[in-house]
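S.K.: I'd like to ask you about the structure that follows.
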Amino acid sequence: MPEALHKIEIFSMCPSHVPQIAALEAETFSAPWDEASIRGELENPLALWLVAEGIGNPDGADKSGALLGYVGSQSCFEDADILNVCVAPAARRRGIAEALMRELEARLIPKGVEQITLEVRASNEAAIRLYEKLGYAQVGVRRGYYEKPREDALIMQKKLV
Ligand SMILES: CC(C)(COP(=O)(O)OP(=O)(O)OC[C@H]1O[C@@H](n2cnc3c(N)ncnc32)[C@H](O)[C@@H]1OP(=O)(O)O)[C@@H](O)C(=O)NCCC(=O)NCCS
């Protein structure tokens with residue numbers, strides 16, 4: 001695979017990203033965020049959403065400017081929550097989610113965030129492995145938290161300081 005296929009750039013979400021994020025949400029999750037809710041996050045002072053775009057490759061899933069993944073968060077004083085993280089199926093297992101999560105941490109620490117919490121479906125092995133690799137640990141379970149299908153959520157947390 002040419003080196004250029006691995007190159008990404010990470011940006012703060014802006015209005016032009018919203019339709020692509022909504023499309024990836026709809027393709028991926030059984031209870032997706034819709035376009036209006038995602039756009040609302042642009043006005044939310046507590047929200048920080050980052051996107052990964054491909055650079056340097058003229059065609060395919062990585063074509064310059066193609067949205068390859070995103071992570072959404074909200075923070076309040078020392079606590080942040082990750083709301084969603086997703087990478088386009090064709091771009092998975094290339095470190096994009098890891099890069100997005102690390103960049104999010106780097107941007108939240110100067111805001112005074114000391115810990116990040118998230119929920120994940122108990123069967124979502126890929127996401128759980130990702131969070132463990134980044135240093136998240138399970139701190140609880142919400143029984144039957146998810147619908148479509150009904151499933152427990154694992155609560156995972158990472159201390160940043
Ligand atoms: C979970 C998800 C975001 C991972 O994105 P990704 O870009 O493929 O992940 P990365 O390439 O950055 O992987 C980083 C680490 O996560 C773990 N990981 C990622 N995908 C994995 C998989 N399918 N199986 C096992 N471990 C996996 C590995 O530890 C990996 O490190 P390694 O490559 O050194 O082994 C992606 O699979 C996805 O979008 N899934 C659907 C949406 C979703 O479930 N989001 C989470 C909701 S809580």
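The values are calculated or read from the model by the stated rules, or taken from the named source; none is laboratory data. Because the structure is predicted, anything quoted here is derived from the model rather than measured. Ideal geometry is used to build each Cβ from the backbone, glycine not excepted, and the neighbour counts take in all protein chains shown.
S.K.: Do you know which residues across the range 85-110 are within 22 Å of ILE155 (Cβ to Cβ) and out of contact with any helix residue (DSSP H, G or I) (no Cβ under 7 Å at 6 or more places or on another chain)?
M.R.: Those that are within 22 Å of ILE155 (Cβ to Cβ) and out of contact with any helix residue (DSSP H, G or I) (no Cβ under 7 Å at 6 or more places or on another chain): LEU100, MET101, ARG102, LEU104, GLU105, LEU108, ILE109.
S.K.: How many of the residues in the range 1-29 are in a loop (DSSP other than H, G, I, E, B) and either modelled with pLDDT of 95 or more or crowded, with 18+ Cβ neighbours inside 10 Å (or both)?
M.R.: Of the range 1-29, the ones in a loop (DSSP other than H, G, I, E, B) are 1-2, 7, 13-14, 29.
Subset that is either modelled with pLDDT of 95 or more or crowded, with 18+ Cβ neighbours inside 10 Å (or both): 13-14, 29.
Of the residues in the range 1-29, 3 are in a loop (DSSP other than H, G, I, E, B) and either modelled with pLDDT of 95 or more or crowded, with 18+ Cβ neighbours inside 10 Å (or both).
S.K.: A further question on this structure: List every residue pair whose Cβ atoms lie under 9 Å apart, where the two residues are 6 or more positions apart in sequence or sit on different chains, the first residue falls within the range 120-149 and is part of a loop (DSSP other than H, G, I, E, B), and the second residue, located anywhere, is loosely packed, with under 12 Cβ neighbours inside 10 Å.
M.R.: These pairs meet every condition: GLY135/LYS159; GLU147/SER30; GLU147/ALA31; LYS148/SER30; LYS148/ALA31; PRO149/SER30.
S.K.: Looking at the range 128-147 only, could you name the residues that are under 16 Å from the mean Cα position of the chain (by Cα) and surrounded by 11 or more Cβ atoms within 10 Å (Cβ to Cβ)? Write out each step before concluding.
M.R.: Within the range 128-147, the subset under 16 Å from the mean Cα position of the chain (by Cα) is 128-136.
Across the range 128-147, the qualifying residues are ILE128, LEU130, TYR131, GLU132, LYS133, LEU134, GLY135, TYR136.
S.K.: Under 8 Å between Cβ atoms, which residue pairs at least 6 apart in sequence (or on different chains) link something in the range 81-94 that is touching a residue at least 12 places away in the same chain (Cβ under 8 Å) and polar (S, T, N, Q) with a partner that is surrounded by 14 or more Cβ atoms within 10 Å (Cβ to Cβ) and in a strand (DSSP E or B)?
M.R.: Between residues of the range 81-94 that are touching a residue at least 12 places away in the same chain (Cβ under 8 Å) and polar (S, T, N, Q) and residues that are surrounded by 14 or more Cβ atoms within 10 Å (Cβ to Cβ) and in a strand (DSSP E or B), the close pairs are ASN84/TYR70; ASN84/VAL71; ASN84/GLY72.
S.K.: Restricting attention to the range 87-126, which residues are near the ligand (Cβ under 6 Å from one of its atoms), under 22 Å from GLY144 (Cβ atoms) and buried (at least 18 other Cβ atoms within 10 Å of the Cβ)?
M.R.: VAL120, the sole residue that qualifies.
S.K.: Could you list, in sequence order, the residues of the range 74-86 that are near the ligand (Cβ under 8 Å from one of its atoms) and either of a type in the set (Ser, Thr, Tyr) or under 13 Å from PHE29 (Cα atoms) (or both)? Let's see the steps before the verdict.
M.R.: At the first step, the residues of the range 74-86 found to be near the ligand (Cβ under 8 Å from one of its atoms) are 82, 84-86.
Answer for the range 74-86, where residues must be near the ligand (Cβ under 8 Å from one of its atoms) and either of a type in the set (Ser, Thr, Tyr) or under 13 Å from PHE29 (Cα atoms) (or both): ASN84, VAL85, CYS86.
Residues are listed down the side, and each one gets a yes or a no for (1) in contact with a Lys or Arg (Cβ under 9 Å, 6 or more places away or on another chain); (2) at pLDDT 95 or above; (3) part of a loop (DSSP other than H, G, I, E, B):
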position	(1), (2), (3)
LEU48	yes, yes, no
GLY60	no, no, yes
GLY65	no, no, yes
ASN84	no, yes, no
ILE116	yes, yes, no
